[in-house]
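Reading through the structure tokens given below for one structure.
A short reminder: the numbers here are calculations on the coordinates, not readings from a lab. This structure is a prediction, so every number in the text was calculated from the model and none was measured. Counting neighbours? That spans all protein chains shown, and the Cβs are built from the backbone with ideal geometry, glycine included.
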Amino acid sequence: MDIEMEEELRIEEEVEPKIFGMSYKTLDFDSTAFLTNFKVVTVKDEENRTRTALLLIFCNDKGEWSSAYIKQDPYFLVKCRRGHEDELISFLEKKFEGKFSSIQIIDKVDLEQLNHLSGIKSQYIKLSFNTLMNYGVVQKALLSRVNYLKRETYKKGFGSSSGYENAFEYIEDLREHDVMYSARVLIDHNIRVS
């Protein structure tokens, strides 16, 4: 970890609580509190790895402040040409070595299909990352490549490709790449704020 990242972690853990007058105590799950704010932070996990997390700040009815972290890996989904999932996963692992915390194939309803209300599911590759920095690097590279391939396919005309030069061409689309990390965590954990 570089010096800037260590300084950022120190500020989040030591300086910010003093500035805002909060004590970062462990949240008592038997108590009731109001979610007042949240912030994307970088924390260390049990194995001393840097991870992205969402810091939730609560205030109870007595005016006492507390906080809790939700550690969830940032992720997005890749729509792959059917039957080429394993080949694409192998290619991505080699191309972006060390960037992923996990890669898995999942089934999910494709909301862009006309018959999505029928519940028919499609396969996606879920790319998960330890940090938003790794997420951003891979997302930027894949998104620019997908957009380039879509433009080229449109120029050539549909169905004219005779083969694939590399595994990037198996990627049909990226999904949920434009959802902010904080919104993703709140949605995934069914936390609603109004």
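Excluding Ile70 itself, calculate the net charge of residues whose Cβ lies under 14 Å from the Cβ of Ile70, where each Lys or Arg counts +1 and each Asp or Glu counts -1. Show your work: numbers first, answer last.
Details: positive: Lys39, Arg51, Lys71, Arg184; negative: Asp45, Asp73, Asp188.
Value of the local net charge: +1.
Classify segment 75-140 as rounded, prolate or oblate from the Cα gyration tensor: take a ≥ b ≥ c as the square roots of its eigenvalues, call it rounded if a/c is under 1.5, otherwise prolate when a/b beats b/c and oblate if not. Could the numbers behind the result be given before it?
Working: a/c = 2.77, a/b = 1.78, b/c = 1.55.
Since a/c reaches 1.5 and a/b is larger than b/c, the shape of segment 75-140 is classed as prolate.
Using θ = phi - 60° and the Karplus curve 6.51 cos²θ - 1.76 cosθ + 1.60, what whole-Hz ³J(HN,Hα) does each residue of segment 134-142 get, with Gly and Pro shown as x?
Karplus-based 3J(HN,Hα) across segment 134-142 equals 5, 4, x, 4, 6, 4, 4, 5, 5 Hz.
What length, rounded to one decimal in nm, is gained on full extension from Arg145 through to Thr32, with 0.36 nm per residue of separation minus their alpha-carbon distance? It would help to have the intermediate numbers written out before the result.
Numbers: separation 113, 0.36 × 113 = 40.68 nm, distance 4.73 nm.
36.0 nm is the gain from fully extending Arg145 to Thr32.
Using a 7 Å offset from the Cα along the Cα-to-Cβ direction at both Lys95 and Val179, what is the distance between the two label points in nm, to one decimal?
The answer from the label model is 2.3 nm.
Using R₀ = 30 Å, calculate the FRET efficiency as 1/(1 + (r/R₀)^6) where r is the Cβ-Cβ separation of Glu46 and Arg192; round to 0.05.
Details: r = 29 Å, r/R0 = 0.98.
For Glu46 and Arg192, the calculated efficiency is 0.55.
What's the local net charge at Asp107, with K and R +1, D and E -1, over the other residues with C-beta under 15 Å away? Could you put the intermediate results ahead of the total?
Numbers: positive: Lys79, Arg82, Lys108, Lys121, Lys126, Arg175; negative: Glu85, Asp110, Glu176.
Cβ neighbours under 15 Å give a net charge of +3.
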